[in-house]
Structures are given as C-alpha cells and as structure tokens.
Amino acid sequence: MTRGRTHAGVLCQAGRVTIEPARAGEPPRFIGPRDPGDAWVVSETGERYWGRFGAAGLLAFDAERGVLLQHRVGWSHFGGTWALPGGALHEGERALDGALREASEEAGVPLTAVRPRFTSVLDLEIWQYTTVIADVVTHFAGAVTDPESVAVEWTAEHAVDDRPLHPGFGAAWPRLQELLHVRPVIVVDAANVVGSVPDGWWKDRAGATSRLLERVSRLSGDGVPAAALGLGATHWFPEIVVVEGAAGVVPEVDGVRIVRASGSGDDALAGEVAELVEDGFVVTAVTSDRGLRARAEDAGATVRGSGWLLELLG
C-alpha cells in the first residue's frame, strides 16, 4: 500500500479524486512498458495511493515455515520495511490474479504453488487494496526476482511482529493472523439440492447432478462472500465436498471433492461432516432434510438449506 502527498503532473480529475501519472522511475519499471494502472490515486486531502485500478498483495502461508515476506528496497515507499509482495492492478485485472502476478514478479512465487483461501479488502471508496491469503501446496523457496526487493524470506508466524513492518501491513496483520488457521468446508447433500428444484431432474438424475457439480465448480473458483459463511475477511475459497449416491457415476469436476456413497447417502454425509469437524474444519452442511440437519448440527456443523446454496450459485 503506498501513501504520500500530492505533486504536480495531473493526468485527470473526477470529482474529489485525482489521477496522477507516475514520474519517471516512480517506481522504476524494469521489464516491459508501464501499465495504465501504474498511477497515483490522490484524494481531495492529498493522500496518494499507488494503483489507478487498486492494488493487491499475496500472503503466502506455509504451516511449517510461516509467511513469505518481502524486504522493501530503500527507494520504495517505506523502504527498509517488511511487507507482502504486491503492487498495482492492471486495467481489467482481478485482484486475485494481480496479487499472484505481482508475487511471481517480485518474489519468485510459482503461480501453481499456492491455493487461495480468502481475501481481505481495504476499501477506501476511492481506492482498494486486496490481500490474498493463500496456502502453499507445492514447496518453493521464494527469491528476489526484481529490484523492488532487498530480500525475500519465510518468517515464522509468531515472529512477523518482530520485523519492522510496512505500516499498512502492520495494521492489517493482527486480523489476518486471527484467520490464518480458519479452514472452512462446505459439504453438499447433492440429492437434496437437486430435488429442491422441480426441473424434471427425476428423468435424468445423473445429468441433473452433473449440472449441479458444474455450477458448484464455478463457485469454487469464484469464492463465497465471507458473510455467507459467517466469517471475517471479505471472500473465502472453501473446500467443497459433494456427497452423491443414487445419481450413479458422475464425472469429476475442478475444485470439488466428490464423495460417492456406496450405501446410505445420509450416513455418508453425516460421517463426512463429523470427521471434518473433528479435524478442526469450520463446516457448513447444505441440506433441507430435517433428520440430516439434526445429525450435522449435533456433529458441530452450521447447517444451511438448499436455497442458500442455490442463491450463491445464481
């Protein structure tokens, strides 16, 4: 997050917000042409925020090594402090994609080595900064891969506060740390959700289940609003487990783990929920079946009806 005072060289002004182009070498652009997003958003009181279309950073979390931090080069804003790799978003770029791109450019983070878990957005109305919290799924070292970093190091979670932190990251760290070990899972009663919509599913149960899985797969990629899960932050990318039984063999889809019940689908779902709760996950079970709702609640899950999921699917 970059903040300072205004200077001359106004590009455009809209209401109380001014957009100023970056000066030559502010910050330096070492590879390729400068993107339209590389500009300052200036408030009417003079605060400046880097990134015409907002900015984003990546908090890569490894349960054994901690958090990947970037030691900022001296010429950067708050140079000498430690923060997350990140920067200005490109025009039309999703914050999730921008955070991963910046982390790859600045800290050598392979795009496929992390799995996003949640996002936290600082929304100042005129400008947004999105922190993407992602779990390391493939081991990587991290490296200084452009001149914006003096060092890139893994820092144990308990030792992050021992570093001289960028003020923006320092302010956000306590609430981000509280959520680092929250792991939500949505467990879906496929038969109940499919059966809640009178669209002729009984003519082709397997086909109806496959269509549901495709929609759930898209939801897995798009994420779920934090409020829908009763969690903090802004958006979550929970693991999604779909329990299906009588639909027969349905194809696998990205982002969804399918539990194929060999016997009672209700028993399979109740068992899955109980196991996940015992393992420390925050479980939301989706079913409108009264008996199954009671079993899931007794196991410690939050229960939502089929309509809750259908509304999220759109």
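Of everything listed in (1) in a loop (DSSP other than H, G, I, E, B); (2) more than 21 Å from residue 176 (Cα to Cα), the single unmet condition for residue 109 is (2). Taking each residue of segment 96-124 that is outside the structural domain of residue 142 (by TED's automatic domain parsing) and looking for partners that are in a helix (DSSP H, G or I) and at pLDDT 95 or above with beta-carbon atoms closer than 7 Å, six or more apart or interchain, yields nothing. Just so you know, in segment 133-169 the residues that are in contact (Cβ under 8 Å) with a residue 60 or more places away in the chain and of a type in the set (D, E, K, R) include one that is surrounded by the most Cβ atoms within 10 Å (Cβ to Cβ), and it is 148. Close contacts from segment 298-314, counting a first residue that is aliphatic (A, V, I, L, M) and a second that is in a loop (DSSP other than H, G, I, E, B), with Cβ to Cβ under 9 Å and a gap of 6+ residues or different chains, come to 303/287; 310/196; 310/197. Count of segment 139-180 residues, restricted to those that are at pLDDT below 95 and in a helix (DSSP H, G or I), is 2. Summed over segment 181-205, residues that are part of a loop (DSSP other than H, G, I, E, B) and either within 30 Å of residue 264 (Cβ to Cβ) or of a type in the set (Asp, Glu) (or both) total 7.
Return a yes/no flag: does segment 244-256 have any residue that is outside any helix (DSSP H, G or I) and crowded, with 22+ Cβ neighbours inside 10 Å. Within segment 244-256, one or more residues are outside any helix (DSSP H, G or I) and crowded, with 22+ Cβ neighbours inside 10 Å. Please work out if residue 130 is touching a residue at least 60 places away in the same chain (Cβ under 8 Å), polar (S, T, N, Q) and surrounded by 13 or more Cβ atoms within 10 Å (Cβ to Cβ). Yes; evaluated as a whole, the condition is true for this residue. If you go through segment 72-100 and keep only what is more than 15 Å from residue 152 (Cβ to Cβ), more than 15 Å from the chain's Cα centre (by Cα) and either surrounded by 23 or more Cβ atoms within 10 Å (Cβ to Cβ) or β-branched (Val, Ile, Thr) (or both), you end up with 88, 89.
Quick check: is even one residue across segment 267-275 crowded, with 19+ Cβ neighbours inside 10 Å, on the phi < 0 side of the Ramachandran plot, acidic (Asp, Glu) and part of a helix (DSSP H, G or I)? Checked segment 267-275: at least one residue is crowded, with 19+ Cβ neighbours inside 10 Å, on the phi < 0 side of the Ramachandran plot, acidic (Asp, Glu) and part of a helix (DSSP H, G or I). State yes or no: is residue 230 surrounded by fewer than 16 Cβ atoms within 10 Å (Cβ to Cβ), at positive phi and either free of Cβ contacts under 8 Å to residues at least 24 places away in the same chain or within 17 Å of the chain's Cα centre (by Cα) (or both)? Answer is yes for this residue. Take the conditions aliphatic (A, V, I, L, M), more than 28 Å from the chain's Cα centre (by Cα) and surrounded by fewer than 19 Cβ atoms within 10 Å (Cβ to Cβ) and apply them to residue 259. Does it pass? Criteria not met by residue 259. Candidates are the residues of segment 31-71 that are surrounded by 16 or more Cβ atoms within 10 Å (Cβ to Cβ) and polar (S, T, N, Q); the one that is modelled with the lowest pLDDT is 43.
Could you please let me know if residue 284 is buried (at least 17 other Cβ atoms within 10 Å of the Cβ), closer than 13 Å to residue 187 by Cβ, under 21 Å from the mean Cα position of the chain (by Cα) and polar (S, T, N, Q)? Answer is yes for this residue. Residue count for segment 106-125, restricted to those that are within 23 Å of residue 40 (Cα to Cα) and surrounded by fewer than 18 Cβ atoms within 10 Å (Cβ to Cβ): 5.
Would it be correct to say that residue 103 is among the hydrophobic types (A, V, I, L, M, F, W, C) and either modelled with pLDDT under 95 or over 16 Å from the mean Cα position of the chain (by Cα) (or both)?
Numbers: among the hydrophobic types (A, V, I, L, M, F, W, C): yes; either modelled with pLDDT under 95 or over 16 Å from the mean Cα position of the chain (by Cα) (or both): no.
It is false that residue 103 is among the hydrophobic types (A, V, I, L, M, F, W, C) and either modelled with pLDDT under 95 or over 16 Å from the mean Cα position of the chain (by Cα) (or both).
The values are calculated or read from the model by the stated rules, or taken from the named source; none is laboratory data. Keep in mind that this is a model prediction, so the values were computed, not measured. Every residue, glycine as well, gets a Cβ built from its backbone with ideal geometry; the counts of neighbours run over all protein chains shown.
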